[in-house]
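The values are calculated or read from the model by the stated rules, or taken from the named source; none is laboratory data. Note that the coordinates shown come from a computational prediction; the quantities given were computed from them, not determined experimentally. All Cβ positions, even for glycine, are placed from backbone atoms using ideal geometry, and neighbour counts span all protein chains on display. Each accessible area value is taken on the protein alone, full model and side chains, heavy atoms only, with ligands, DNA and RNA left out. Shrake-Rupley method; radii C 1.70, N 1.55, O 1.52, S 1.80 Å.
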Amino acid sequence: GAEVAALVASRVVDVPDFPKPGILFKDLMPLFADGPVFREVIDGIVAHYGAGSFDVVAGVEARGFVLAAAIAYATGKGVVPIRKAGKLPRDTFAASYALEYGEATLEVHRDAFIAGHRVLVVDDVLATGGTAGAALDLVEQAGGTVAGFTVVMELGFLEGRARLSPRTVHALLTV
Ligand code: PRP
Ligand code: MG
């Protein structure tokens, strides 16, 4: 809990004015590049939920993919991509959202989930919650049940958690 949070806090890299002036970008990739740190992050997420609480893991493109695959492998589950518009080859559901910077659309394959399967949705950062809200809507549209939404870092001041309410959010670190 607190140890993983401190580790994340000490290793996140702040990048001013990316991708636009005025945005302080939180780069978590340096954490993922460090083997022991990455393992702590994945183990922390798995310990929070327990492998018995979900059937499949959905990762949000692009940085959520890194986490989702590792969580899925560690727990013997499968991994499903929630992608930016236009990337998936078969019939999709789509959900648009306003990002902290700009607007975007996410998609998931219509047949991505077995009906009623419990889906753990994963991303690296929760900021305004637009991405997460769209991702969770897509899971439900595609017949999955949201088992949880988890991020490594939550930017509390952007109030994404409130926006997602009554859905719950797990964050290893909230800043
Ligand atoms: C970043 C981040 C989250 C999202 C959070 O992704 O990885 O997915 O923004 O912002 P929000 O809570 O305000 O929606 P981005 O859209 O930059 O794309 P990427 O992961 O493909 O780099
Ligand atoms: Mg992202």
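For region 50-174, dividing the convex hull volume of the Cα atoms by the residue count gives 94 Å³ per residue. In straight Cα distance, which aspartates and glutamates are under 12 Å from residue 26, not counting same-chain residues fewer than 8 positions off? Counting by Cα, and skipping residues close in sequence, residue 26 has these aspartates and glutamates nearby: 14, 17, 124, 154. Taking all Cα pairs closer than 8 Å and separated by 6 or more residues, the relative contact order of region 31-129 comes to 30 percent.
The slack between residue 168 and residue 87, meaning 0.36 nm per residue of separation minus the straight C-alpha distance, is 26.3 nm.
When each of the peptides 64-73, 121-130 is scored by how many other beta carbons lie within 10 Å of its residues on average, the order from highest to lowest is 121-130, 64-73. Farthest towards the positive end of the charge dipole of region 1-159, among the residues 8, 157, 60, is the Cα of 60, using unit charges on the Cβ of Lys, Arg, Asp and Glu.
Kindly rank 34-43, 84-93 from highest to lowest mean number of other beta carbons found within 10 Å of each residue.
Values: 34-43: 15.1, 84-93: 13.2.
The densest-packed peptide leads the list: 34-43, 84-93.
Based on protein heavy atoms only, the chain ends up with 47 Å² per residue of surface accessible to a 1.4 Å probe. Shape class for region 62-114: oblate, because the ratio a/c of the largest to smallest gyration tensor axis (alpha-carbon atoms, square roots of eigenvalues) is 1.5 or more and b/c is at least a/b. Once the Cα-Cα distance is subtracted from the 0.36 nm per residue extended length, the residue 20 to residue 69 segment shows a gain of 14.7 nm.
For region 1-123, just run the numbers: alpha carbon Rg, then divide by 2.2 N^0.38 Å, N being how many residues it has.
My calculation over the Cα atoms of region 1-123 gives 1.16.
On the accessible surface of region 50-174, probed at 1.4 Å, how many percent belong to carbon and sulfur atoms? So the carbon and sulfur contribution to the accessible surface is 50 percent.
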